[in-house]
């Protein structure tokens with residue numbers, strides 16, 4: 001219900017009602033909203049108020065305004081809260097049971113200078129590399145490139161990388177996976193990535209590079225993941241540092 005004459009602006013009241021309908025599933029992804037005139041009549045507000053509300057929801061990612069067409073509910077972004085160390089597929093399958101994995105490539109490769117730096121390998125060893133496409137509701141979401149030292153590769157190559165969880169397997173083998181160093185940057189999709197992700201060339205992407213270490217500080221896995229920028233988000237809880245009285 002919209003309340004006139006209270007401190008909360010009308011467009012924000014309408015916004016809260018629509019957000020509740022979207023988050024509860026009453027309005028599902030792909031559903032079209034009624035036109036501005038109809039919404040204005042439903043909520044007893046002006047079309048200007050509705051237009052401002054819709055613009056706000058488009059900016060927040062709840063709605064998509066198609067040029068010359070209707071306004072529809074956007075697909076919900078996959079969200080992950082920073083802090084827990086999980087494998088890419090493991091992290092997503094915990095919050096969404098429609099996540100599936102498709103192995104693109106696997107095998108031993110000659111080590112590059114970049115991988116050598118991240119895995120702290122000094123000799124001319126080869127590494128075991130595998131790349132996977134991770135999908136949500138059969139829609140491509142992430143390209144994950146993973147690299148492990150040769151000795152770890154001899155174990156990982158026995159896994160079904162479409163379904164087996166790498167971290168869980170290594171821990172069952174006695175390896176104490178302890179922590180990771182991760183860098184998140186903005187990027188754009190090149191031609192190959194755009195094709196794999198069914199995304200437009202040059203579209204915004206989230207690029208995550210992560211090195212995972214054992215308890216003794218030994219780097220066991222280096223990954224680079226390309227996330228569709230329109231389908232994924234990270235969230236983090238920030239705590240204000242307590243002031244110390246002098």
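The values are calculated or read from the model by the stated rules, or taken from the named source; none is laboratory data. Predicted, not measured: the structure shown is a model, and the values here were computed from it. With ideal geometry, Cβ positions are generated from the backbone for all residues, glycine too; neighbour counts draw on all protein chains shown.
Worth a mention:
- Some residue of the stretch 215-233 being without any contact (Cβ under 8 Å) to a residue 24 or more places away in the chain, surrounded by 14 or more Cβ atoms within 10 Å (Cβ to Cβ) and within 27 Å of residue 74 (Cβ to Cβ): no
- Criterion: in the same structural domain as residue 140 (by TED's automatic domain parsing), in contact with a helix residue (DSSP H, G or I) (Cβ under 9 Å, 6 or more places away or on another chain), under 24 Å from residue 103 (Cα atoms) and modelled with pLDDT of 90 or more - qualifying residue of 221, 197, 206: 221
- Summed over the stretch 156-191, residues that are touching a strand residue (DSSP E or B) at 6+ places or on another chain (Cβ under 9 Å), assigned to a helix (DSSP H, G or I) and without any contact (Cβ under 8 Å) to a residue 60 or more places away in the chain total 3.
- Check on residue 229, over 15 Å from residue 85 (Cα atoms), at pLDDT below 90 and in contact with a helix residue (DSSP H, G or I) (Cβ under 8 Å, 6 or more places away or on another chain): no
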